[in-house]
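The block underneath contains the structure these notes are about, expressed in C-alpha cells.
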Amino acid sequence: MAFTESEETKLKAIISAFDNAQQVDDLPQSDMSATDKIIEVFDKKSGKSEQMTIKNAVQLGQHPWCGRVWNLDNATPKAATYIGSLELLQNLHQELGLGGYLVKNDHTRRKLDSKDHYKYATGEKAKLDGSEGHYQWGWGKEWYMVIKTVGRLHYEMVSPWPIQGEFNYKIPIGSISAAGFAALERSTGKLVSYINDGADYRGGNNDATLDNTNRTMLGKPVTQHTTEFFRAAARKNGTGWLCTTMRHTTAIAVLFGVIFGTHYDQAAVNSAKDANGLFQGGLGAGVTSMPDWNGYNGVRPLVPLSAGIELGDSCGESEYKVKKDDGTIVYTAKIPCFFGYKNGFGSLWRMMDDEQVQCNADTSVTHLVAPSIYGTWTLGRADGMIAYSKSITNGEGYVKELCMDHLENFPTSVGATESTYWTSYFWNTSGQNSGFRLCLRGGYAYNGGHCGLSTLYVCYAVSVSNVSCGAALCEAASEWSVEPTYYAVS
C-alpha cells in the first residue's frame, strides 16, 4: 500500500523525532531555581496521560487523599465518581484502622482481631465482659475530612493527613459502642459497652420478670432513661466520654459514603467489589421491620449486644432469630455490620448528647450543637451550644437536602424517596413554635425503610424517656471541634 504525500511527510517527522529523541541521561541537569516544573502522569481512571507539577505529585504521593463526588442534580444516592487516590480508597478501612477495640477509661485501646473479636490482634484472648475495657468500634489514628459543595457537585473527602488547599475537619482517635448501643452498670450508674449477661447489666427498663424467657432483657441495651441521665452516666467513665454524639454518627455516615460510594446504607449487601476494586452495595435492611413489636415485648430491645460479633471487622449482615417463649421464631432480624460496627441504624432510637433543636415561631427548628466535647451544656437550654442550620417548617419526609457543615448531618428539606438523594427520613411534626426538642437518630425496629445513618426525629421534649430509645457510649482521645481548619498548599 502506497503512502500519500501527506502521510509520508508525517512518517518522516515521526522517524526524525525518534532518531533525535534523548534518553533521560542526555537531558540537561535541572535545578531548584523554579518550582513550576511539570511531569507526565497517567490517569488509570480516564486512561489519559496528563501533566502535573512536581510539587503536587510529591504531595499526592506522600499524603494521598480519596473521596467521592455526588451530582446534586441527580436523584441517585450513588456517587458519580471517585476522586483522589484509588489505592487509598481501596484500603481506607485498613489505613485508618477501622474495627473493634477494647478501650479503657483513660482512652488507651487495643485492636481486636479482624476476624475474631474475642481475640486481640496479637492473638491473645480478649474479654468483652468489661474486665478489660469497653467493647468499642472506631479508628486507630487521627484523620481528616473535607466536605464541600461546589455548584451542584457535593464532595466528601478523607485522608490520614490534612488535605492541602481545603478546609479540613480533624477527626481525633475515637470510638463508639461496637454493638451500636450501650449497657448500664446499675451498681455504679456507669454507661458501658460490655457484653455481659449479668443482672447488673440488665437492659431495657430493667424488667427482671422477663429473665427466664426468650424476651429477657439480660444482655440487651439499656433504655427508658432521659438523655441527661445517659450523658451523666457516660461521663462517669471520665473526661472525653459521652453518650451518642452527632460527631461520631456524622463521621460514620461520611466513611460509609466514601468507602461504599453511596448514601443508601440500606441497599442490599453485595460482597463483590466493583471494577475498580471498591466496596459496593449497602449494609442491608437492618433490624427495622419487626412485626407487632408492641405485642411481642412492649417495644423493648429485641436483639442482644452480642448479636453480630461473629462478623469481626467485616461488612455485611448477620441474623438473630427473635423467638417467643415457646421457641417459635417471630422475626429474623438482620444485623448490619460496617467493618465491625453493628446496628448503625434501626433497632432502637439513639438519644443524642451534643445536639438538640430549638422550635421557632414558624414551627421550623434550629439546630443547636455543642462546640466542644469538654464543654458544659444542658438540653432544654441554649447555653453552651451554637445555633447552626435551620430545618423546614413543621412536616416530615425523606431527606432531599442535608447540611454537613459543622459535622451537622442535619436535614434542611424533604421531598425525596427511600432510594433517592440521602435515603433517610426526617420527622419534625411537633408543630410547636417554642421550646426545645431532642435529636433522636437512626430509626428503630418499626421504621423499615425510613431508617438510615442520617435519619432524624425531633418531635420529643428533652425530658422524654422511652423503652424504645437507647444510647451508645462514645469517646474521643482529644478535642473534637466542629469548626474546619484551612491547610494551605505547602
Count of the range 431-453 residues which are open to solvent by 10 Å² or more (accessible area, probe 1.4 Å) and not charged (D, E, K, R): 13
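Yes or no, residue by residue, for (1) within 23 Å of Glu408 (Cα to Cα); (2) crowded, with 17+ Cβ neighbours inside 10 Å:
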| position | (1), (2) |
| --- | --- |
| Trp137 | yes, yes |
| Trp143 | yes, yes |
| His154 | yes, yes |
| Gly165 | yes, no |
| Thr216 | no, yes |
| Pro221 | no, yes |
Index of the failed condition, Ser364 passing every other in (1) farther than 30 Å from Pro291 by Cα; (2) at pLDDT 95 or above: (2)
Residue match in the range 372-391 (condition: outside any loop (DSSP other than H, G, I, E, B), on the phi < 0 side of the Ramachandran plot, of a type in the set (Lys, Arg) and buried (at least 23 other Cβ atoms within 10 Å of the Cβ)): no
Qualifying positions in the range 156-187 - under 22 Å from Ser478 (Cα atoms) and of a type in the set (Ser, Thr, Tyr): Ser159, Tyr169, Ser175, Ser177
The one condition in (1) surrounded by fewer than 20 Cβ atoms within 10 Å (Cβ to Cβ); (2) at negative phi that Gly189 fails to fulfil: (2)
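From Leu278, Leu305, grab the single residue that is farther than 29 Å from Pro77 by Cα, in contact (Cβ under 8 Å) with a residue 40 or more places away in the chain and open to solvent by less than 40 Å² (accessible area, probe 1.4 Å).
On the way: Leu278 fails: farther than 29 Å from Pro77 by Cα.
So the residue among Leu278, Leu305 that is farther than 29 Å from Pro77 by Cα, in contact (Cβ under 8 Å) with a residue 40 or more places away in the chain and open to solvent by less than 40 Å² (accessible area, probe 1.4 Å) is Leu305.
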Subset of the range 238-257 (residues that are in a loop (DSSP other than H, G, I, E, B), in contact with a strand residue (DSSP E or B) (Cβ under 9 Å, 6 or more places away or on another chain) and open to solvent by 10 Å² or more (accessible area, probe 1.4 Å)): Gly238
Among the candidates Trp422, Trp427, residue that is in contact (Cβ under 8 Å) with a residue 40 or more places away in the chain, surrounded by 19 or more Cβ atoms within 10 Å (Cβ to Cβ) and farther than 30 Å from His134 by Cβ: Trp422
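Select from the range 392-411 the residues that are at negative phi, open to solvent by less than 40 Å² (accessible area, probe 1.4 Å) and not acidic (Asp, Glu) and list them in ascending order.
The answer is Ile392, Tyr398, Val399, Leu402, Cys403, Met404, Phe410, Pro411.
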Pair list, Cβ under 7 Å, 6 or more apart: the range 321-340 residue farther than 21 Å from Tyr264 by Cβ, other residue hydroxyl-bearing (Ser, Thr, Tyr) and modelled with pLDDT of 95 or more: Lys321/Thr332; Val322/Tyr331; Asp325/Thr213; Val330/Tyr296
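When you scan the range 332-340, do you find a residue that is open to solvent by 30 Å² or more (accessible area, probe 1.4 Å) and in contact with a Cys (Cβ under 9 Å, 6 or more places away or on another chain), even just one? First the steps, then the outcome.
Here is the first cut: in the range 332-340, the ones open to solvent by 30 Å² or more (accessible area, probe 1.4 Å) are 332, 334.
Then drop every residue that is not in contact with a Cys (Cβ under 9 Å, 6 or more places away or on another chain), which leaves none.
No: the range 332-340 contains no residue that is open to solvent by 30 Å² or more (accessible area, probe 1.4 Å) and in contact with a Cys (Cβ under 9 Å, 6 or more places away or on another chain).
The values are calculated or read from the model by the stated rules, or taken from the named source; none is laboratory data. Note that this is a predicted model, so its numbers are computed, not measured. So basically every Cβ, Gly included, is an ideal-geometry build from the backbone, and we count neighbours across all protein chains shown. Note: accessible area is taken over every heavy atom of the protein model, side chains too, but ligands, DNA and RNA are not part of it. Shrake-Rupley method; radii C 1.70, N 1.55, O 1.52, S 1.80 Å.
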